[in-house]
Amino acid sequence: MHNHWNLRDKLIKKITQNGGWVNTHTHLDRAYTITPKLLHLANKHLHEKWTIVDEIKEKSSISQIYDRMAFAVEEQVKQGVTVLGSFIDVDDIVKDKALKAAAKIKETYKRDITLVFTNQALKGVLEPRARAWFDEALGFVDIIGGLPAKDAGKEEEHLDVLFTAAKRLGKLLHIHVDQLNTKLEKETESLIRKAKEYGLQGKVVAVHGVSLAAHPEKYRQKIYKKMKQVGIMLISCPTAWIDSRRSEERSVTHNSIAPVEELIEAGIVVGIGTDNIADVYKPFTDGDVWTELRFLLESCHFYEIDDLVKIATINGRKILGVDL
Ligand SMILES: [Zn+2]
C-alpha cells in the first residue's frame, strides 16, 4: 500500500531515524496537578499563576512529585521522546523536594531517556531567600534557568545573576522571555546584549520568544541577525502560547507563536517543547509532541520537512547540550 498522502507518518519516521523526538521544554514537576476544582484558576493572568502553584508545591511530598514525574516521563517515552528537558521548581516554597524527586527520576529512567534538568526561578533570583535557593540548585542542574519578568523592574540584575553563574560554571542558559505576545516586550534583545557582554556566544537559549512576532519586520530582521551573530537559540512551545488573549494593542498581524519560519531562514537553531502538562497553566495539554509540531507547522505556515525534522531532533539536542 502506498500512503503517499500520509506526510505525518513520513515525518515521524524521519524523526525516529534522526534519534527520536527531543522535547526541549517542560515543567514535569508540576505535570498532572490540575483537578476539576482548580480549573477555574486557569483563567488567571500568567503572573498570578506564578504564585497559585504554591499551595500544591508546599503540600506535595517528594514521593508525590516523583510519582507525577514518573508518569510524565513514561508518557513521553511511549511517544518516542529520547531526550527531554525540564525545568524544576526550586524556591522557598517547594525547597529542594522537586530537585530530589528529579534526581531519582533521572536514575530510574536513565536507560530509556536522557533527562536534562534546569532550575526554575519562579521567585526570581534577587530576593535573598530566592537567591539562596538559586545558588543551591546550581550544583544539581545541567542548565541554568531564568525568568527575568519575575524580577520586574530589575530584569538586568536578574540576567546578571544568571550570566555570572553560567560563565563561572560553563553551563548553558535557558531563559523564559517575550512570553506575553506584545511589542512592548523586547527581552530577546536583552539576551543578545548580555551574551555579548559576558562572552557567552552559543550558550544562551531564549524560551518562547512569542513577542518577537508582534514587532514590525524591520525590528524582527535586526534581532534575527544579532541572534545569529551571538548564537542565541530558541525554543518554541506552540500550544502553550496559542491561547494568548485578544487585545486592543495594534501590531502587525501574526499568530501567537515565535516566527519560526523566519528564524530558521535566518539560520537560528530552533527546538520544540510541550511546556506545562496538565497543570493550572495548561490544563488540557497532554504532552503530545506531534500536536506541538503540528501547531508549529500550521501556525507558521512552515512545510519544510527536513527543517521540521531538525526542529524535533538535532536542534533540540544542541539546545539541551546533548550530543548524538
Ligand atoms: Zn516554561
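Considering only residues that are in contact with a helix residue (DSSP H, G or I) (Cβ under 7 Å, 6 or more places away or on another chain), over 20 Å from Ala121 (Cα atoms) and of a type in the set (Gly, Ala, Ser), look in the range 62-87 and name the one that is surrounded by the fewest Cβ atoms within 10 Å (Cβ to Cβ).
Out of the qualifying residues, it is Gly80.
Could we say that Ala312 is more than 16 Å from the ligand (Cβ to nearest atom), crowded, with 24+ Cβ neighbours inside 10 Å and under 17 Å from Ala206 (Cα atoms) here?
So Ala312 fits the description; yes.
Checking Thr35 against (1) free of Cβ contacts under 8 Å to residues at least 12 places away in the same chain; (2) closer than 21 Å to Leu147 by Cα, only one condition comes out false. Which one?
(2)
Go through the range 184-219 residue by residue and tally those that are more than 22 Å from Gly85 (Cα to Cα), more than 16 Å from the ligand (Cβ to nearest atom), part of a helix (DSSP H, G or I) and of a type outside the set (Phe, Trp, Tyr).
The qualifying residues number 12.
Sort out which residues of the range 131-148 are buried (at least 20 other Cβ atoms within 10 Å of the Cβ) and either in a strand (DSSP E or B) or aliphatic (A, V, I, L, M) (or both), and write them in order of number.
The first filter runs over the range 131-148 and keeps only residues buried (at least 20 other Cβ atoms within 10 Å of the Cβ), leaving 133-134, 137, 141, 143-148.
Correct list: Ala137, Val141, Ile143, Ile144, Gly145, Gly146, Leu147.
Give the residues of the range 225-247 that are of a type in the set (Gly, Ala, Ser) and either within 15 Å of the ligand (Cβ to nearest atom) or over 25 Å from Thr313 (Cβ atoms) (or both), sorted by residue number.
Taking the range 225-247 and keeping what is of a type in the set (Gly, Ala, Ser), we get 231, 236, 240, 244, 247.
Answer for the range 225-247, where residues must be of a type in the set (Gly, Ala, Ser) and either within 15 Å of the ligand (Cβ to nearest atom) or over 25 Å from Thr313 (Cβ atoms) (or both): Ser236, Ala240, Ser244, Ser247.
Taking the criterion of being in a loop (DSSP other than H, G, I, E, B), out of contact with any Lys or Arg (no Cβ under 9 Å at 6 or more places or on another chain) and farther than 29 Å from Ala206 by Cβ, would at least one residue in the range 25-44 satisfy it?
There is at least one residue in the range 25-44 that is in a loop (DSSP other than H, G, I, E, B), out of contact with any Lys or Arg (no Cβ under 9 Å at 6 or more places or on another chain) and farther than 29 Å from Ala206 by Cβ.
I need every pair where a residue in the range 272-300 that is within 23 Å of Ala70 (Cβ to Cβ) has its Cβ under 7 Å from the Cβ of a residue that is part of a strand (DSSP E or B) and of a type in the set (Phe, Trp, Tyr), sequence separation at least 6 or different chains.
Going by the 7 Å Cβ cut-off, the qualifying pairs are Val289/Trp21.
Condition test on Lys171, is it of a type outside the set (A, V, I, L, M, F, W, C) and buried (at least 17 other Cβ atoms within 10 Å of the Cβ)?
On the way: of a type outside the set (A, V, I, L, M, F, W, C): yes; buried (at least 17 other Cβ atoms within 10 Å of the Cβ): yes.
Considered against the rule, which asks whether it is of a type outside the set (A, V, I, L, M, F, W, C) and buried (at least 17 other Cβ atoms within 10 Å of the Cβ), Lys171 comes out as yes.
Using the structure shown, decide if Glu48 is more than 23 Å from the chain's Cα centre (by Cα) and of a type in the set (Asp, Glu).
no
Return the pairs, sorted by first residue and then second, in which the second residue is within 16 Å of the ligand (Cβ to nearest atom) and assigned to a helix (DSSP H, G or I), the first residue lies in the range 191-209 and is of a type in the set (A, V, I, L, M, F, W, C), the beta carbons are less than 7 Å apart, and the residues are 6+ apart or on different chains.
As it stands, the answer is Val204/Leu191; Val205/Ile319; Ala206/Thr188; Ala206/Leu191, since those pairs meet every condition given.
Restricting to the range 267-309, and then to whatever is among the acidic types (Asp, Glu) and assigned to a loop (DSSP other than H, G, I, E, B), can you tell me which residue is surrounded by the most Cβ atoms within 10 Å (Cβ to Cβ)? Step through it out loud before you land on a result.
Here is the first cut: in the range 267-309, the ones among the acidic types (Asp, Glu) are 275, 279, 286, 288, 292, 298, 304, 306-307.
From what is left, the residues that are assigned to a loop (DSSP other than H, G, I, E, B) are 275, 279, 286, 288, 304.
Working: Asp275: 27, Asp279: 23, Asp286: 13, Asp288: 15, Glu304: 13.
The qualifying residue surrounded by the most Cβ atoms within 10 Å (Cβ to Cβ) is Asp275.
Got at least one residue in the range 273-291 being among the β-branched types (Val, Ile, Thr), over 20 Å from Val177 (Cβ atoms) and more than 16 Å from the ligand (Cβ to nearest atom)?
yes
Got a sec? Which of Ser244, Ser251, Ser211 is touching a Lys or Arg at 6+ places or on another chain (Cβ under 8 Å) and surrounded by fewer than 24 Cβ atoms within 10 Å (Cβ to Cβ)?
Being touching a Lys or Arg at 6+ places or on another chain (Cβ under 8 Å) and surrounded by fewer than 24 Cβ atoms within 10 Å (Cβ to Cβ) holds for just one of Ser244, Ser251, Ser211, which is Ser251.
All of the numbers you see were taken from the coordinates with simple rules; none came from a lab. Computed from a predicted model, the values in this text were never measured in an experiment. Note: ideal-geometry Cβ built from the backbone for every residue, glycine included; neighbour counts use all protein chains shown.
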